[in-house]
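Structure record follows, encoded as structure tokens.
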């Protein structure tokens with residue numbers, strides 16, 4: 001088989017990239033989705049709050065996805081469901097399998113990687129105790145409850161205050177479960193402020209900051225857990241042990257971009273994001289292979305996934321039409337004090353076709369009344385004041401044409417400047 | 001009446017079951033759990049030991065070296081992953097080196113082949129990731145690694161293919177001698193057999209007491225905690241790396257697994273309760289500290305799971321392989337701690353010898369087929385075979401476990417074999433669905449669905465592992481709401 005563009009993943013990233021590539025003149029597109037329907041993880045996010053930026057209205061996850069799915073179907077963009085990609089090569093040969101076609105190989109001119117991310121597990125954070133059932137990642141529990149229609153437990157503790165954990169705290173409560181607490185190791189929440197208010201405070205679910213789970217008890221099913229307070233250096237504080245009786249532990253302790261296929265295509269991965277290094281066009285280190293969404297870096301809002309994926313789809317179209325300059329460009333971004341990572345990692349100003357480029361990044365801590373500072377070769381290019389920044393919320397700084405004009409080859413540094421860092 | 005009843009479906013019981021299948025013996029295996037290989041067999045180092053550390057003349061020394069020799073053909077017949085990767089015992093000091101020489105001599109005496117003491121330079125060439133502090137090492141090329149629960153499951157499957165019966169969820173609660181044999185109560189069923197093999201692992205002492213009425217030996221469970229690491233670390237060392245031995249046992253070992261992961265463990269704490277399978281913060285710290293001594297640059301943060309196994313130790317220290325003097329025909333294969341996995345096929349041969357003494361006229365099972373139907377994982381098949389598999393069953397085209405690329409066809413095969421999977425962990429142990437990076441996050445809802453469908457059960461009846469390890473408690477409110485129109489009564493219809 002042949003296609004101008006193969007998109008791996010039919011979640012929000014893949015859908016937006018497909019539509020945008022089509023609108024930019026590529027008609028031979030094939031979207032490969034491993035699940036039974038398009039929409040990705042949005043389909044299980046039945047709560048609202050999606051699309052405030054993109055559509056200026058509040059949608060549920062499935063509603064947000066549906067807008068893209070309908071658009072894609074109107075354009076007759078081809079897609080295959082229940083189809084797993086087994087391999088992608090540097091030459092953009094995609095091998096996939098499903099029950100209808102069997103084993104298929106597609107020679108593509110360009111590829112967009114949009115595989116999303118996976119959840120960190122109990123093993124990764126090594127919670128001691130028994131191997132009882134009743135320990136779920138929050139997303140898996142969300143699938144059981146929202147997609148399959150089954151309850152996973154009735155007395156729940158949530159570990160980690162990532163957004164899925166917060167949303168699931170409310171969801172379990174609405175389904176009649178007792179949600180005893182959300183336990184967060186850090187002194188601040190890992191989720192969006194609006195989710196703390198709407199999912200915990202409104203339902204009187206306590207958020208225990210600077211606490212960790214030290215033991216899971218229960219022979220076959222979880223019976224209770226032990227939690228303990230930690231000090232500023234993350235050491236357990238003796239004497240603060242508390243036992244909570246529960247049958248279920250939901251983990252919301254982080255997401256990891258899923259890049260097994262990227263590795264097969266020999267794409268350079270970034271140790272800070274766990275996703276591919278990309279340039280302004282969302283092109284990876286392999287020319288013609290693009291990446292967008294949570295496979296590149298974990299986003300807080302789907303609206304930003306859409307924006308980034310549109311850029312990837314548009315760039316892939318330009319690549320197919322041979323109007324894109326591949327490579328690492330003349331500028332590279334560098335995270336400096338207070339900044340964990342910056343995406344994209346490389347910039348070729350010639351490729352920027354919309355007069356601006358948004359740099360996305362995450363801070364390493366909570367900052368109040370701080371400034372985002374952009375430097376190029378020791379020179380201050382731009383400063384943006386921010387009242388509040390937190391690791392849970394993605395930050396961005398927009399490079400306009402005039403900013404780019406001021407820059408010469410070399411490093412573009414993003415850093416945070418503060419009077420004093422306030423760690424809440 | 002059975003000829004043989006085997007109590008316990010761990011590696012010892014399942015290899016004995018397979019040995020019994022080679023003879024015309026009517027055999028049943030009773031397992032208290034809902035799957036075989038569900039005790040010590042599922043949580044150990046999975047090492048096929050060379051046999052240099054057993055005291056010469058013991059049951060351990062004899063069966064270890066003999067068992068080691070049996071492994072290559074056994075695993076070939078049963079299509080179980082096995083690699084002869086060799087083992088190294090490190091020496092950090094000159095005193096340790098003396099100990100290596102002692103182990104070398106002991107190994108020679110036990111009949112361990114090709115032992116060699118490596119000097120530092122040679123050691124570093126062979127294993128560059130081993131600590132520079134190691135001054136020498138004892139190299140045993142005959143040591144290997146195996147899939148321990150895969151082997152026990154395969155033995156049971158092959159035994160059943162050859163006529164042995166299996167009763168799961170059959171905990172033995174009574175054993176009494178009667179004329180011409182024994183009467184057992186297990187899982188509310190009375191089972192009679194001419195001979196009994198007690199290989200009940202951690203519970204062998206309790207089974208023994210049921211018959212003898214007194215405590216002939218005690219099993220002392222010693223806990224060992226392990227950390228299992230991501231496949232990206234699987235090649236950190238090629239050989240199994242032991243540290244200089246201590247009184248507490250073989251110490252913390254670092255080794256690759258046959259599945260391509262890396263394993264560090266065990267600790268040794270005990271005696272413990274027989275069901276105390278907790279991992280502890282202390283144990284996990286200990287593993288890291290002790291592991292660092294042998295492999296200081298290992299990426300310990302790449303842990304994907306941790307687990308605890310209990311070793312069935314006894315005060316005598318040696319395996320108990322014997323017929324009962326007071327109750328002939330009640331044969332024990334008990335106190336099988338390390339190197340029990342390695343020794344299992346040799347123990348099984350010896351137990352079979354003891355059994356056939358009671359059946360002098362019994363001949364060989366002429367239809368015995370030692371080969372298990374191979375486990376063809378779709379993902380590992382060459383392209384042409386993949387097409388064939390898809391033509392045969394389209395379900396090989398549906399990937400269920402993304403991390404390990406396990407298909408629905410693979411899973412269904414594992415459910416419908418003899419001694420097939422009935423639980424989430426049962427599927428994981430047989431075909432690795434759920435054993436990857438996401439630890440079942442994506443696939444467990446789908447595997448639950450497949451298990452329920454194939455076994456004809458409700459999805460809420462499917463458990464993770466033990467019978468009480470339920471996953472789902474019932475439907476959500478929306479699912480419970482009946483959206484169908486109210487039934488119209490005759491009155492409303494107007495008659």
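The values are calculated or read from the model by the stated rules, or taken from the named source; none is laboratory data. In this text the structure is predicted, and so the values were computed from the model without any measurement. Reconstructed Cβ throughout: ideal geometry from the backbone, glycine too, with neighbour counts over all protein chains shown.
The residue of region A:174-193 that is surrounded by the fewest Cβ atoms within 10 Å (Cβ to Cβ), among those that are within 14 Å of chain B (Cβ to nearest Cβ) and over 26 Å from residue A:129 (Cα atoms), is A:176.
From the residues in region B:432-449 that are at pLDDT 95 or above and in contact with a strand residue (DSSP E or B) (Cβ under 7 Å, 6 or more places away or on another chain), which one is surrounded by the fewest Cβ atoms within 10 Å (Cβ to Cβ)? If we take residues in region B:432-449 being at pLDDT 95 or above and in contact with a strand residue (DSSP E or B) (Cβ under 7 Å, 6 or more places away or on another chain), then B:446 is surrounded by the fewest Cβ atoms within 10 Å (Cβ to Cβ).
Every residue, every condition in (1) closer than 10 Å to residue B:52 by Cβ; (2) modelled with pLDDT of 95 or more, yes or no:
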site: B:79; (1), (2): no, yes
site: B:82; (1), (2): no, yes
site: B:94; (1), (2): no, no
site: B:99; (1), (2): no, no
site: B:103; (1), (2): yes, yes
site: B:109; (1), (2): yes, yes
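For region B:377-414, the candidate set comprises residues that are away from chain A (no Cβ under 12 Å) and touching a helix residue (DSSP H, G or I) at 6+ places or on another chain (Cβ under 7 Å); within that set, the residue that is surrounded by the fewest Cβ atoms within 10 Å (Cβ to Cβ) is B:377.
Residue-wise test of (1) at pLDDT 95 or above; (2) under 24 Å from residue A:139 (Cβ atoms); (3) part of a loop (DSSP other than H, G, I, E, B).
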residue	(1), (2), (3)
A:180	yes, yes, no
A:188	no, yes, yes
A:195	no, yes, no
A:200	yes, yes, no
A:213	yes, yes, no
A:226	yes, no, no
A:234	no, no, yes
A:243	yes, no, no
A:249	yes, yes, no
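Residue A:83 meets each of the listed conditions (1) crowded, with 21+ Cβ neighbours inside 10 Å; (2) more than 10 Å from chain B (Cβ to nearest Cβ) apart from (2). Among the residues of region A:86-104, just one is within 9 Å of chain B (Cβ to nearest Cβ) and buried (at least 22 other Cβ atoms within 10 Å of the Cβ), namely A:97.
Highlighted here are the strands (runs of 3 or more DSSP E) found entirely within region B:205-258 that include at least 1 residues which are modelled with pLDDT under 95: B:220-229. The set of residues in region B:225-252 being surrounded by fewer than 24 Cβ atoms within 10 Å (Cβ to Cβ) and within 15 Å of residue B:300 (Cβ to Cβ) consists of B:228, B:230, B:232, B:233, B:234, B:236, B:237.
Taking region B:255-308, which residues are surrounded by fewer than 18 Cβ atoms within 10 Å (Cβ to Cβ), in contact with a helix residue (DSSP H, G or I) (Cβ under 7 Å, 6 or more places away or on another chain) and more than 24 Å from residue B:133 (Cβ to Cβ)? Residues satisfying the conditions are B:260, B:274.
Only a single criterion out of (1) within 30 Å of residue B:224 (Cβ to Cβ); (2) part of a helix (DSSP H, G or I) is not satisfied by residue A:143, namely (1). The residues of region A:135-165 that are more than 7 Å from chain B (Cβ to nearest Cβ) and either in contact with a strand residue (DSSP E or B) (Cβ under 7 Å, 6 or more places away or on another chain) or free of Cβ contacts under 8 Å to residues at least 12 places away in the same chain (or both), listed by number, are A:135, A:136, A:138, A:141, A:155, A:156, A:157, A:158, A:159, A:160, A:161, A:165. Each residue in region B:304-348 was checked for being part of a strand (DSSP E or B), under 30 Å from residue B:262 (Cβ atoms) and either over 13 Å from the mean Cα position of the chain (by Cα) or within 14 Å of another protein chain (Cβ to nearest Cβ) (or both), and 9 pass. In region B:195-207, the residues that are farther than 22 Å from residue B:181 by Cβ form Cβ pairs under 6 Å with partners that are at pLDDT 95 or above and part of a helix (DSSP H, G or I), at six or more places apart or across chains, as follows: B:201/B:40.
Note on region B:345-367: among residues that are touching a strand residue (DSSP E or B) at 6+ places or on another chain (Cβ under 9 Å) and over 22 Å from residue B:1 (Cβ atoms), the one that is surrounded by the fewest Cβ atoms within 10 Å (Cβ to Cβ) is B:350.
Each row is one residue, and each column tells you yes or no for (1) under 22 Å from residue B:77 (Cβ atoms); (2) outside any loop (DSSP other than H, G, I, E, B).
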site	(1), (2)
B:3	no, yes
B:14	yes, yes
B:17	yes, yes
B:20	yes, yes
B:25	yes, no
B:33	no, no
B:36	yes, no
B:41	yes, yes
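Between A:285, A:309, A:281, A:315, the distinction of being in contact with a helix residue (DSSP H, G or I) (Cβ under 9 Å, 6 or more places away or on another chain), buried (at least 21 other Cβ atoms within 10 Å of the Cβ) and part of a loop (DSSP other than H, G, I, E, B) belongs to A:281 only.
Checked against (1) surrounded by 21 or more Cβ atoms within 10 Å (Cβ to Cβ); (2) within 14 Å of another protein chain (Cβ to nearest Cβ); (3) farther than 27 Å from residue A:321 by Cα, residue A:271 meets all criteria but (1). Scanning region B:452-466 finds one or more residues that are modelled with pLDDT under 95, surrounded by fewer than 22 Cβ atoms within 10 Å (Cβ to Cβ), at negative phi and facing another protein chain (nearest Cβ under 9 Å). Against the definition (more than 30 Å from residue B:325 (Cβ to Cβ), in contact (Cβ under 8 Å) with a residue 60 or more places away in the chain and surrounded by fewer than 18 Cβ atoms within 10 Å (Cβ to Cβ)), how does residue B:188 come out, yes or no? Against the criterion (more than 30 Å from residue B:325 (Cβ to Cβ), in contact (Cβ under 8 Å) with a residue 60 or more places away in the chain and surrounded by fewer than 18 Cβ atoms within 10 Å (Cβ to Cβ)), residue B:188 does not qualify. Applying the selection to region A:194-222, what residues are within 14 Å of chain B (Cβ to nearest Cβ), over 29 Å from residue A:235 (Cβ atoms) and either under 26 Å from the mean Cα position of the chain (by Cα) or surrounded by fewer than 20 Cβ atoms within 10 Å (Cβ to Cβ) (or both)? A:219, A:220, listed by residue number.
Checked against (1) surrounded by fewer than 24 Cβ atoms within 10 Å (Cβ to Cβ); (2) in contact with a strand residue (DSSP E or B) (Cβ under 8 Å, 6 or more places away or on another chain); (3) in a helix (DSSP H, G or I); (4) in contact (Cβ under 8 Å) with a residue 24 or more places away in the chain, residue A:107 meets all criteria but (3). Filtered by the rule that a residue be at the interface with chain B (Cβ under 8 Å from one of its Cβ atoms) and under 30 Å from residue A:296 (Cβ atoms), region A:110-134 gives A:118, A:119, A:121, A:122, A:123, A:124, A:126.
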